[in-house]
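Asks: The structure is given below, and queries will be raised subsequently.
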Amino acid sequence: MSTGIGARVQRKEDRRLLHGQAKFVGDLKFPKLWEAAYVRSPIAHGRIRSVQKPSAYSSQVFIADDLHDVLPIRAESSLPGYKPSDFHSLARDKVRYVGECIAICIAPTRAEAEDIAEQVILDIDPLPAVIDALKAREPQSELLHEDWGDNLFVETSFEGDIETAKRDATVVIEREYKTARQCMNPMEGKGTLSYWDERSNQLVVYTSTQVPHLIRTGISEFLQMDQGQVRVIAPDVGGGFGYKCVLQPEELTVSWVAKKTGRPIRWTEDRREHLVAGANTRQHHYKITAYADNNGKLLGLDADITVDVGAYSVWPFTACLEAAQAGGNLPGPYDIKGYRCNTYSVATNKPSFTPYRGVARPGVCFAMELTIDAIARAVGREPADVRKENLIAGSLMPYTTVTGKFYDSGDYPDSVVQAEKAVNLKGFRIRQAKARKEGRSLGIGFSTFTEQSAHGTKVFAAWGLPLVPGYEQAMVKLTPSGSVEVRSGNHSFGQGLETTIAQMASEWLTVDIKSINVVMGDTGMTPYSTGAYASRGMVMAGGAVSKAAEALSGRIKIHAAHLLQCEPTDIQLKNARAYNGHASVSFSSIAKAWYLRPDQLPDDVDTAGLEVTEGYKPDIDTGVFTYATHAAIVEVDKDTGKVDVQDYVVFEDCGKRVNPLILEGQTYGGAAQGIGTALFEEALYDANGQPLTSTLADYILPGPAELPHFRLSHKETLSPYTRHGIKGVGEGAAIAPGGAILNAINDALQPQKIEINELPATPHKILSALLAGAEAEREIT
Amino acid sequence: MKPVAFELCISADIASAAGILSQNDGDTKIIAGGQSLGPMLNLRLARPDRLVDVAQTPALRKITQTQAFVAFGAATRHAEIEDGKTPDPSCGMMPYVASGIAYRAIRNKGTLGGSLCHADPAADWVTAMTALNATLIITSVGKDTRKTPMVEFMQGAYRTTLEPGEILTSVLVPKYSDKTVWGYYKICRKVGEFADAIVAWVADPTKQYSRIVLGAGSGAPLVLNHLAKELAQTGNIPTLDIIKAELKLHSPDLDQVKNHLFAIALQRCVKGALANE
């Protein structure tokens, strides 16, 4: 059986992951290893007067003053008006969120390190906390970064023609939408371990990251070291979701202390640290005015988007990536001519905003999809029909959106048609009417989106980022045993890349993936890669492996042709053998000839060898777009406000599927996270900026019992611009559930005229709205 | 998130556990399943100098019965009750309640007595044991063993009548007749999470016993005698307005949403009980 592209093979990495044999940062053992604990800010905003080390442990505690040779993390951006922030890896002068690192304490065990941390005395003058991003925009607001003069990292505006839409519209919809702040909650939290290696004269950093090469660049930049003196190794990583795609201050301080003390030092994030200092994503506010005609045709969209960025700009993705993505992607899959949008990236006293699976699009998709349904209700039509008529039709492809996104292929309205069929929309409406007579509230909701993946150089450059991903490189090698080794600077952190890039090599080399060893995540062993994020792994790293494997197959054929006494063009590869007609030679014989018995090869042998490093870049630089429609059927318990997701359908087109099994797993996981966003997850703060959700008893994640049985179907419209027609897909399923489920809830509660426009739709919010509605009704009658 | 250093004493019997508890040097706490105390230790909210582990103490693991009662050793685990490994005086209510406590991993370790002493308002046993009119046996060094009814034991959120040095040794649950009607309903955001509202109803006509208990409020479980009596007499499910009016009398500070959730949980509890009859 082929294990190449399209094969539904089980994951290579699961043997060790499922048998407890994986090695995460927390599993590593080194002689003399000490553990680190941080003193973190107990208040959201304040001026540091002093930080006092306990005298008995002064050699085991390090504060900002000790780290004078460490530069603050500073992410520049070329966006006009952008204000960079200085994010000191240990707070200096001011603290700007609860959980900000102030001191690092080291000891033989974590418990002892925490004992020491408790004895560090902080004297901090509290300042008023800036918690609400809308209020933070007002001129009288307290300032986080005084020298800025306001709390705006950046403000952008897209001024399209909205006046025509305003003039022609017969329906005007105005809405405000809110999405909650979230924590990403990978199963393995962040962890980092550093030591100084005398022999290689290198700082070796084991860290739980999606982007080992970027972390190497970051550490060398901010610790002011030559990159040759830094080696970063990402071992097994238990989930990333974007949380592990930025340089974290702990990576710098642990490395600095390891270098300073000559001792291996490890910090392992615990869940409380994650829920407090890692509450760093998703929080948006939208003010939207939509202009439509009597049929619900969307003529124009006027939007103000406020992103609650938190205290500092993360490196390298900056504080403006989220808003840039939001403003650029709000029109999404819709054929909209009139568009105007302002975005505000606002500093608040919360942890620094980090891109999370879907980056901005779960917010914009939610806002857009609820607006489409609001329009449909206003014109009295079936939302699915209004959606189909507004989506970009297949006949319009390729299509450039009003914000300049280039969609190369696909049929967006058809994805709604397919989802409608899967949920049997007509049948559902009959069931819904019957249920309503019995007092039950069923609803259906759709949500359609595009997922920009494998963003290229131009896209990132347009966002003004300090580092821009361009091409991707990979190495593929035939070993002396005839097996294959693949090396990629990208990383596998649960998304199955270890298997799928082996499949890319298997496709060209006909070697079973069992005999393909994949090395990733080690900057000492792999070519530079900006890493695994933005759904770029399969398109970019996969593309590079495919290209290198293709080149290697050519080299194998040259040697095989000599051994079989024919021309390379006569050679066919099959089951790890090279064939010329019925005559064949195994890869191991070919490899043996090259490595060990070159006497079997001609004098003018091609000395390029059986090891190929190739770079790859898609034919276009603007990214490729997957699209999908999700549909949800829910029942709302009007007495408790609880929402039961009874059916959930995903119809997706991500181009060529490399491994359908892995794709399904990715979709289940993404949709589960999306349901968390839709119904459960919110990081809450009090007025002083104190986090109220610092344990998993308060921050509610969905569990298996809360998730529906997902039903998936796919079609494959190949991208004309990428190797094998692949489009990225890792983030997609997390994008749509907020829209689909809230539309379903609002559909269910239409008789009560209730609209929930806020994520998550908790039972408390729904019940409050129902009780308030009932009270209002009672007052009228 | 690691605890402050503490001394761990594993007690062989109640006397030695009580002996350690009665020492005056520093703060000593009993740990049984550790499913509530464990996280509190790790969060450093609890910082005892010494822990007495009673999870394996034989006398606390023993279950005995008389004609009128089953006496559960305080270290009886939720999972043992769930799995029917213990006698059931409650016509099925106790296994049902046990099966809904948090997650199986917690039920494997967590204990009946530990849960009652921890006295979390949202925990299941404090409500269920109030509804079943359990009696607690409490012992200490140098004092007589005392008995206290569950309704008097819990004083508020995380507050009980347990004095320093005292150990809850067993929980006496009266045996209910096969004529007993019971209901138990809880509203949670998520399977296994602490409840937003719990209502238990137990009625045994052979004892002229009917008790409705509301849990997951702000303090000790709330006993609604008036409604329970009416319900036993009429068998009619009370209307939302009647329940809400009754709740207003007992807990005037309840917000509208919580008040509604209790009323709904009560109706569903009773409906379920009558449907099972």
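Asks: Looking at the structure I just gave you, is A:Leu749 open to solvent by less than 10 Å² (accessible area, probe 1.4 Å), farther than 23 Å from A:Phe241 by Cα and modelled with pLDDT of 95 or more?
Replies: In short, yes.
Asks: Can you pull out the residues in the stretch A:1-26 that are of a type in the set (D, E, K, R), open to solvent by 50 Å² or more (accessible area, probe 1.4 Å) and in contact (Cβ under 8 Å) with a residue 60 or more places away in the chain?
Replies: A:Arg8, A:Arg11, A:Lys12, A:Arg16, A:Lys23, listed by residue number.
Asks: Cβ-Cβ distance below 6 Å, separation of 6 or more or different chains: which pairs start in the stretch B:1-16 with a residue that is more than 14 Å from chain A (Cβ to nearest Cβ) and end on one that is open to solvent by less than 80 Å² (accessible area, probe 1.4 Å) and not in a strand (DSSP E or B)?
Replies: So the pair list comes out as B:Cys9/B:Ile20; B:Ser11/B:Ala17; B:Ser11/B:Val54; B:Ser11/B:Thr57; B:Asp13/B:Ala59; B:Ile14/B:Ala59.
Asks: Just checking, does the stretch A:469-480 include any residue being touching a Leu at 6+ places or on another chain (Cβ under 8 Å), part of a strand (DSSP E or B) and among the basic types (Lys, Arg)?
Replies: Yes, because at least one residue in the stretch A:469-480 is touching a Leu at 6+ places or on another chain (Cβ under 8 Å), part of a strand (DSSP E or B) and among the basic types (Lys, Arg).
Asks: In the stretch A:699-720, is there at least one residue being among the polar types (S, T, N, Q) and part of a helix (DSSP H, G or I)?
Replies: Scanning the stretch A:699-720, I find no residue that is among the polar types (S, T, N, Q) and part of a helix (DSSP H, G or I), so the answer is no.
Asks: Which condition breaks for B:Cys269 when tested against (1) more than 20 Å from B:Gly92 (Cβ to Cβ); (2) open to solvent by less than 20 Å² (accessible area, probe 1.4 Å); (3) within 14 Å of chain A (Cβ to nearest Cβ)?
Replies: It is condition (1) that B:Cys269 fails.
Asks: Any idea which of B:Gly110, B:Gly114 is at pLDDT 95 or above, open to solvent by 20 Å² or more (accessible area, probe 1.4 Å) and more than 26 Å from B:Leu266 (Cα to Cα)?
Replies: B:Gly114
Asks: Here is a follow-up. If you take the residues of the stretch B:241-256 that are within 14 Å of another protein chain (Cβ to nearest Cβ) and within 24 Å of B:Ala128 (Cβ to Cβ), which of them is surrounded by the fewest Cβ atoms within 10 Å (Cβ to Cβ)?
Replies: B:Lys244
Asks: Sticking with this one: Out of A:Ala671, A:Ala705, report the one residue that is small (Gly, Ala, Ser) and within 14 Å of chain B (Cβ to nearest Cβ).
Replies: Result: A:Ala705 is the single residue among A:Ala671, A:Ala705 that is small (Gly, Ala, Ser) and within 14 Å of chain B (Cβ to nearest Cβ).
Asks: For the stretch A:218-249, which positions are crowded, with 22+ Cβ neighbours inside 10 Å and either part of a helix (DSSP H, G or I) or within 14 Å of chain B (Cβ to nearest Cβ) (or both)?
Replies: Of everything in the stretch A:218-249, those that are crowded, with 22+ Cβ neighbours inside 10 Å and either part of a helix (DSSP H, G or I) or within 14 Å of chain B (Cβ to nearest Cβ) (or both) turn out to be A:Gly218, A:Ile219, A:Phe222, A:Pro249.
Asks: Pick out the one residue from A:Gly689, A:Gly739, A:Gly725 that is on the phi > 0 side of the Ramachandran plot, touching a strand residue (DSSP E or B) at 6+ places or on another chain (Cβ under 6 Å) and at pLDDT 95 or above.
Replies: A:Gly725 is the lone residue from the list that is on the phi > 0 side of the Ramachandran plot, touching a strand residue (DSSP E or B) at 6+ places or on another chain (Cβ under 6 Å) and at pLDDT 95 or above.
Asks: For residues in the stretch A:757-781 being part of a loop (DSSP other than H, G, I, E, B) and surrounded by fewer than 21 Cβ atoms within 10 Å (Cβ to Cβ), which is farthest from the other protein chains (Cβ to nearest Cβ)?
Replies: A:Asn757
Asks: Which of (1) assigned to a loop (DSSP other than H, G, I, E, B); (2) surrounded by 23 or more Cβ atoms within 10 Å (Cβ to Cβ) does A:Ile675 not meet, given it meets every other one?
Replies: (1)
Asks: Only one residue in A:Phe428, A:Phe460, A:Phe493, A:Phe449 is aromatic (Phe, Trp, Tyr) and in a loop (DSSP other than H, G, I, E, B). Which one?
Replies: On inspection, the qualifying residue turns out to be A:Phe493.
Asks: Please go through the stretch B:17-53 and pick out each residue that is away from every other protein chain (no Cβ under 14 Å), surrounded by 15 or more Cβ atoms within 10 Å (Cβ to Cβ) and either hydroxyl-bearing (Ser, Thr, Tyr) or farther than 30 Å from A:Thr693 by Cα (or both).
Replies: Within the stretch B:17-53, B:Ala17, B:Ala18, B:Gly19, B:Ile20, B:Leu21, B:Ser22, B:Thr28, B:Val52, B:Asp53 qualify.
Asks: Specify the residue that is farthest from the chain's Cα centre (by Cα); the eligible residues are those in the stretch A:268-284 that are part of a strand (DSSP E or B) and more than 11 Å from chain B (Cβ to nearest Cβ).
Replies: A:His284
Asks: From (1) of a type in the set (A, V, I, L, M); (2) assigned by TED's automatic domain parsing to the domain that holds B:Gly165; (3) more than 30 Å from B:Asp88 (Cα to Cα), pick out the condition that doesn't hold for B:Met40.
Replies: Result: B:Met40 passes all but (2).
Asks: Enumerate the pairs (first residue in the stretch A:553-564 and farther than 11 Å from A:Tyr579 by Cα; second residue anywhere and of a type in the set (D, E, K, R)) with beta-carbon separation below 7 Å, excluding pairs fewer than 6 apart on the same chain, so at least 6 apart or on different chains.
Replies: Listed by first residue and then by second, the contacts come to A:Arg555/A:Asp606; A:Ile558/A:Asp606.
Asks: For the stretch B:55-73, what are the residues that are open to solvent by less than 10 Å² (accessible area, probe 1.4 Å) and hydrophobic (A, V, I, L, M, F, W, C)?
Replies: Once the filter is applied, which keeps residues that are open to solvent by less than 10 Å² (accessible area, probe 1.4 Å) and hydrophobic (A, V, I, L, M, F, W, C), the stretch B:55-73 yields B:Leu60, B:Val70, B:Phe72.
Asks: Which condition breaks for A:Thr667 when tested against (1) open to solvent by less than 20 Å² (accessible area, probe 1.4 Å); (2) more than 22 Å from A:Pro362 (Cβ to Cβ)?
Replies: (2)
Asks: If a residue has to be away from chain A (no Cβ under 14 Å), open to solvent by 10 Å² or more (accessible area, probe 1.4 Å), in contact with a Leu (Cβ under 9 Å, 6 or more places away or on another chain) and in a loop (DSSP other than H, G, I, E, B) to count, how many in the stretch B:187-239 make the cut?
Replies: Qualifying residue count for the region: 5.
The values are calculated or read from the model by the stated rules, or taken from the named source; none is laboratory data. Keep in mind the model is a prediction, meaning the values are calculated, not measured. Neighbour counts are summed over all protein chains in view; Cβ atoms, including those assigned to glycine, are modelled from backbone coordinates with ideal geometry. Calculation scope for accessible area: heavy atoms of the full protein, side chains included, ligands and nucleic acids excluded. Shrake-Rupley method; radii C 1.70, N 1.55, O 1.52, S 1.80 Å.
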